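The values are calculated or read from the model by the stated rules, or taken from the named source; none is laboratory data. Not measured: the values here are computed from a predicted model. Virtual Cβ from ideal backbone geometry, glycine too; neighbours counted across all protein chains shown. Side chains are part of the model used for accessible areas, which takes the heavy atoms of the whole protein and leaves out ligands, DNA and RNA. Shrake-Rupley method; radii C 1.70, N 1.55, O 1.52, S 1.80 Å.
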Amino acid sequence: MSGVRVRETLSAPRQRGATGPRYRRRARLLKQLSLAFLVLLTIWGAIYQLSVTLVPSLYYQVPFSGIWPDVVIASAGGLLIVGGRHPERGWRLLGIGCLCWAAGDIYWTVALTNVSNPPDPSWADAGYLGFYPLAFAGILSLVRNHLKLPSRMLIADAGAAALATAAVSAAIVLDTVLAHAHGGPLEVATNLAYPVGDLTMLGLVIGATALDDWRVSRTWVLLGISIIAFWVADSFYLTSVATGTYSEGQAYNGLWYIAPVIAAWAAWLGFERAGDADDRLPARGARVRGIAMLLLVSGAALTILVWSGFQSLGVPAIMLATLTLLVVMVRLVMTWRENVQLLQLSRREALTDMVTGLHNRRALTGDLQPQLRAASDEHPLALVLFDLDGFKHYNDNFGHPAGDALLQRLGRNLVRALGEHGIAYRMGGDEFCAVISGSLVELQGTIERAAAALGEAGDGFTIGCSYGTVVLPEEAQDTSGALRLADQRMYMQKRGGRASAFRQSGDVLLSALQERDPGLRAHLHRVAQLSTEIAHSLGLSAEELEPIRQAAELHDVGKMAIPDAILTKPGPLDEAEWEFIRRHTLIGERIIAAAPALHRVAALVRSCHENFDGSGYPDALAAAKIPLGARIIAVCDAFNAMISDRPYRGAMSEQAAIAELHRCAGSQFDPVVVEHFCICLQLGRLSPAGGHQPGRTPVPSSAHV
């Protein structure tokens, strides 16, 4: 135990020293000194470049002559080893490479400058050439640490860019060096190692930029400028030496010494985070840059090959240019394949429901038309449209993710139920569809299995479905007509297949009316029958017929609020009593509107005592402003009241009632509705059966009840 305490005591100060305020201050001071030194080296490099271009007298001064330029290279190498704000192995390797190059140049300056016939190769070459493998390793380490795993196309881009760069370098430098190479194999190999190393290093940086999706990263740009500067200086030097035109103090001399300083700046700034670069450069911009760079490298390779037709170029340049074009061709094939795959994927997504994975409405539209043309009476198709019952309740109670999971399960169930006999689609929301083939008997069995598959029950929920079926081509000849008919039939089954809120609410009110006046039920039922028939003769749809029928059954529901003394009074009503009577449509509307499912019915009940000329109540509407359903109910109600017994009069004959309708057409009744009513009566579609009608709804000007 005591030994442990001793070790903890001994190690504690060391840990505090490594992470404490004093350590952080020391590290911050070191970075500040490094930055100041880097700025000083940059200033030296700018002045040195002036000395070899504009102010030759400075070239022989102490800070710029002898081994001083090599001290600058060694200092930049030291800064690379320190690594600026973000030290890492890649920069250290580049820094060690710079130290090797500086050592070789110092040896050359001190030991071989004044030798008339220096050895080739020499120890200076060992230092110079030692720079290249360390630089290669450093660049590859940086690529590995800062570039994500590239795609095959980016690798092809990098290869094409590196080959094109190498081809240009070979055409400019390598051919000249080869043409003037002399001496033994070791001497020739040493001379060739410089241009090969330069073009390889330059190709690595260009390739790294391609691997980074052609992003303009400040660090890669600075490192690239550094290596390009080194390559330019080496290229001019090797060419001039090979052609015997070299002399000291050339303008490119300063590039050797500026290059490591620029690399040190790249290390100091460090790499941007991948996320920052990705946010700054959208995918489209990267793609455009990639295409532009491919065109550039292809143009460079093609230029070299065309140039070789007018001037003799070495085999390396031609081979590298040819390989560049081959890689670009491979890249184009890869791009074509990717575009084909993207097009296929986009087509699949456009025809696929994203929740269930089934085909969607667009796919159904495309699939159904050719199948419809191929269908016949001997080989029919069935188009079945399904609508889930109870899905909204499930979604509200369990949430949309659970609802999506339910849709996925039901979609899989539907596919299994159809098997090889049909194709399943999701139309959107809680609607599914199926196109089924087979004989009529097979169609029926498959439809029943499919409907059963779209059901699920559990704790607190029950899911079922309503559906509408259309047999093709017997019942429809085009896609839109088939879908419309299937939708109508599905809606009718949904309404009639179960006791809806619409029907339940109406039945409750009818029961209340019957309790108040048992004889009233027959009159209301008869008015509903007459109204439904007239509405049908006027061409109204099934969806429009049902509210009219319900309104006809419930149009007198407001009378429950009127005293029996008024309703059964045998004599004329006074004005106050008429006010009670005129209020019964408004009362009826309020009672019916309490059931949201009957809102359309409530509007018709409100207007069923309006007159065609605007003299009715409660809103004094006229002509087309009165809902058509209310105009129909008014005619049917008045006719049935006139042929029924009243407390204050006997029943009228059918002919007298018809004559009264014609007399009031245009004032109290819609003439078109009256005309259709009389035609239906003459054709035998209406079989009025008058009878005793208790209660009263007298109107002074007519028999309209």
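Return the total of residues in the range 328-382 being under 26 Å from Gly428 (Cβ atoms), of a type outside the set (Gly, Ala, Ser) and under 31 Å from the mean Cα position of the chain (by Cα).
Counting residues in the range 328-382 that are under 26 Å from Gly428 (Cβ atoms), of a type outside the set (Gly, Ala, Ser) and under 31 Å from the mean Cα position of the chain (by Cα) gives 24.
Taking into account only those residues within the range 37-88 that are over 60 Å from the mean Cα position of the chain (by Cα) and among the aromatic types (Phe, Trp, Tyr), which is modelled with the highest pLDDT?
By that ranking, first place goes to Trp68.
Kindly provide the set of residues from the range 338-376 that are of a type in the set (S, T, N, Q) and in a helix (DSSP H, G or I), ordered by number. Full working, then the answer.
Let us first name the residues in the range 338-376 that are of a type in the set (S, T, N, Q), namely 339, 341, 344, 346, 352, 356, 360, 365, 369, 371, 376.
Selection gives Asn339, Gln341, Gln344, Ser346, Thr365, Gln369, Gln371.
Yes/no per residue for (1) among the aliphatic types (A, V, I, L, M); (2) surrounded by fewer than 20 Cβ atoms within 10 Å (Cβ to Cβ); (3) modelled with pLDDT of 80 or more:
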site: Ala166; (1), (2), (3): yes, no, no
site: Leu202; (1), (2), (3): yes, no, no
site: Val221; (1), (2), (3): yes, yes, yes
site: Ala251; (1), (2), (3): yes, yes, no
site: Gly254; (1), (2), (3): no, no, yes
site: Tyr257; (1), (2), (3): no, no, yes
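Kindly establish whether Asn611 is touching a Gly at 6+ places or on another chain (Cβ under 8 Å) and under 25 Å from Glu546 (Cα atoms).
Details: touching a Gly at 6+ places or on another chain (Cβ under 8 Å): no; under 25 Å from Glu546 (Cα atoms): yes.
No.
Go through (1) in contact with a Gly (Cβ under 6 Å, 6 or more places away or on another chain); (2) modelled with pLDDT under 70 one by one and return the number of the condition Arg646 breaks.
(1)
Taking Leu388, is it among the aliphatic types (A, V, I, L, M), in a helix (DSSP H, G or I), surrounded by 21 or more Cβ atoms within 10 Å (Cβ to Cβ) and on the phi < 0 side of the Ramachandran plot?
Considered against the rule, which asks whether it is among the aliphatic types (A, V, I, L, M), in a helix (DSSP H, G or I), surrounded by 21 or more Cβ atoms within 10 Å (Cβ to Cβ) and on the phi < 0 side of the Ramachandran plot, Leu388 comes out as no.
Which of the residues belonging to the range 580-589 are over 15 Å from Asp619 (Cβ atoms) and either surrounded by 19 or more Cβ atoms within 10 Å (Cβ to Cβ) or touching a His at 6+ places or on another chain (Cβ under 9 Å) (or both)? Break it down into steps so the answer makes sense when it comes.
Initial filter on the range 580-589 (over 15 Å from Asp619 (Cβ atoms)): 580-581.
If the condition is that a residue be over 15 Å from Asp619 (Cβ atoms) and either surrounded by 19 or more Cβ atoms within 10 Å (Cβ to Cβ) or touching a His at 6+ places or on another chain (Cβ under 9 Å) (or both), then Ile581 is the only one that fits.
Can we say Val330 is open to solvent by 50 Å² or more (accessible area, probe 1.4 Å) and in contact with a helix residue (DSSP H, G or I) (Cβ under 8 Å, 6 or more places away or on another chain)? Before the answer, list the steps.
Numbers: open to solvent by 50 Å² or more (accessible area, probe 1.4 Å): yes; in contact with a helix residue (DSSP H, G or I) (Cβ under 8 Å, 6 or more places away or on another chain): yes.
It is true that Val330 is open to solvent by 50 Å² or more (accessible area, probe 1.4 Å) and in contact with a helix residue (DSSP H, G or I) (Cβ under 8 Å, 6 or more places away or on another chain).
Can you name the residue in the range 473-491 that is under 19 Å from Arg362 (Cβ atoms) and not small (Gly, Ala, Ser) and, of all such residues, is farthest from the chain's Cα centre (by Cα)?
This residue is Asp478.
Kindly provide the set of residues from the range 420-434 that are out of contact with any Ser or Thr (no Cβ under 7 Å at 6 or more places or on another chain) and closer than 17 Å to Thr356 by Cα, ordered by number. Walk me through it before giving the result.
Within the range 420-434, the first condition is being out of contact with any Ser or Thr (no Cβ under 7 Å at 6 or more places or on another chain), and the residues that meet it are 420, 423-425, 427-434.
Passing the criteria: Ile423, Ala424, Tyr425, Met427, Gly428, Gly429, Asp430, Glu431, Phe432, Cys433, Ala434.
Against the condition at pLDDT below 85, open to solvent by less than 60 Å² (accessible area, probe 1.4 Å) and part of a helix (DSSP H, G or I), how does Glu577 come out, does it pass? Let's see the steps before the verdict.
Numbers: at pLDDT below 85: yes; open to solvent by less than 60 Å² (accessible area, probe 1.4 Å): yes; part of a helix (DSSP H, G or I): yes.
So Glu577 passes the test.
Tell me the residue from Val82, Val55 that is out of contact with any Leu (no Cβ under 7 Å at 6 or more places or on another chain) and over 23 Å from Phe136 (Cα atoms), please.
On the way: Val82 fails: over 23 Å from Phe136 (Cα atoms).
Matching residue, one of Val82, Val55: Val55.
What pairs can you find where one residue is in the range 343-370 and free of Cβ contacts under 8 Å to residues at least 24 places away in the same chain, the other is open to solvent by less than 80 Å² (accessible area, probe 1.4 Å) and part of a loop (DSSP other than H, G, I, E, B), and their Cβ atoms are less than 9 Å apart, with a gap of 6+ or different chains?
Ala350/Asn360; Leu351/Asn360; Thr352/Leu358; Thr352/Asn360; Met354/Asn360; Arg362/Leu351; Gly366/Leu351
Filter the range 93-119 down to residues that are more than 55 Å from the chain's Cα centre (by Cα) and closer than 21 Å to Gly138 by Cβ and give me whichever is modelled with the lowest pLDDT.
As a first pass, look at the range 93-119 and keep what is more than 55 Å from the chain's Cα centre (by Cα): 102-119.
Restricting the remaining residues to those that are closer than 21 Å to Gly138 by Cβ gives 102-105.
Details: Ala102: 91, Ala103: 92, Gly104: 91, Asp105: 88.
My answer is Asp105.
Tell me the residue from Ala522, Ala528, Ala552, Ala565 that is modelled with pLDDT under 75 and under 14 Å from Asn640 (Cα atoms), please.
Working: Ala528 fails: modelled with pLDDT under 75; Ala552 fails: modelled with pLDDT under 75; Ala565 fails: under 14 Å from Asn640 (Cα atoms).
So the residue among Ala522, Ala528, Ala552, Ala565 that is modelled with pLDDT under 75 and under 14 Å from Asn640 (Cα atoms) is Ala522.
How many of the residues making up the range 25-81 are farther than 14 Å from Pro260 by Cα, among the small types (Gly, Ala, Ser) and open to solvent by 30 Å² or more (accessible area, probe 1.4 Å)?
5
With (1) surrounded by fewer than 24 Cβ atoms within 10 Å (Cβ to Cβ); (2) not in a helix (DSSP H, G or I) as the list, and Glu610 as the residue in question, which single condition is left unmet?
Among (1) surrounded by fewer than 24 Cβ atoms within 10 Å (Cβ to Cβ); (2) not in a helix (DSSP H, G or I), the lone unmet condition for Glu610 is (1).
Being buried (at least 18 other Cβ atoms within 10 Å of the Cβ) and among the β-branched types (Val, Ile, Thr) is the filter; apply it to the range 419-443 and report the residue that is farthest from Leu383 (Cα to Cα).
Once the filter is applied, the top-ranked residue is Ile423.
Report yes if Gly588 is without any contact (Cβ under 8 Å) to a residue 12 or more places away in the chain and over 48 Å from the mean Cα position of the chain (by Cα), otherwise no. Give the derivation first.
Numbers: without any contact (Cβ under 8 Å) to a residue 12 or more places away in the chain: no; over 48 Å from the mean Cα position of the chain (by Cα): yes.
Here the answer is no, as Gly588 does not meet what is asked.
Any residue in the range 427-439 that is at pLDDT 90 or above, over 17 Å from Gly464 (Cβ atoms), assigned to a strand (DSSP E or B) and of a type in the set (S, T, N, Q)?
Looking for residues that are at pLDDT 90 or above, over 17 Å from Gly464 (Cβ atoms), assigned to a strand (DSSP E or B) and of a type in the set (S, T, N, Q), one finds at least one in the range 427-439, hence yes.
Regarding the range 474-482, can at least one residue be identified that is modelled with pLDDT of 90 or more and surrounded by 20 or more Cβ atoms within 10 Å (Cβ to Cβ)?
As a first pass, look at the range 474-482 and keep what is modelled with pLDDT of 90 or more: none.
Among the residues of the range 474-482, not one is modelled with pLDDT of 90 or more and surrounded by 20 or more Cβ atoms within 10 Å (Cβ to Cβ), which makes the answer no.
Scan (1) open to solvent by 70 Å² or more (accessible area, probe 1.4 Å); (2) over 20 Å from Ala476 (Cβ atoms) for the single condition Asp377 breaks and write down its number.
Result: Asp377 fails condition (2) only.
Out of Pro133, Pro118, report the one residue that is surrounded by fewer than 22 Cβ atoms within 10 Å (Cβ to Cβ) and part of a loop (DSSP other than H, G, I, E, B).
Values: Pro133 fails: part of a loop (DSSP other than H, G, I, E, B).
The conditions single out Pro118.
I'd like to know if the range 335-348 contains one or more residues that are under 28 Å from Val470 (Cα atoms) and open to solvent by less than 50 Å² (accessible area, probe 1.4 Å).
Within the range 335-348, the first condition is being under 28 Å from Val470 (Cα atoms), and the residues that meet it are 348.
Cutting the leftovers down to open to solvent by less than 50 Å² (accessible area, probe 1.4 Å) gives us none.
Checked against the condition, which is being under 28 Å from Val470 (Cα atoms) and open to solvent by less than 50 Å² (accessible area, probe 1.4 Å), the range 335-348 yields no hits at all.
Just the residues that are open to solvent by 40 Å² or more (accessible area, probe 1.4 Å) and within 26 Å of Phe677 (Cα to Cα), please, taken from the range 590-607.
Arg600, Ala603, Arg606, listed by residue number.
Suppose the filter is among the charged types (D, E, K, R) and within 16 Å of Leu383 (Cβ to Cβ); does Asp487 pass it?
Working: among the charged types (D, E, K, R): yes; within 16 Å of Leu383 (Cβ to Cβ): yes.
For Asp487, the condition - among the charged types (D, E, K, R) and within 16 Å of Leu383 (Cβ to Cβ) - is met.
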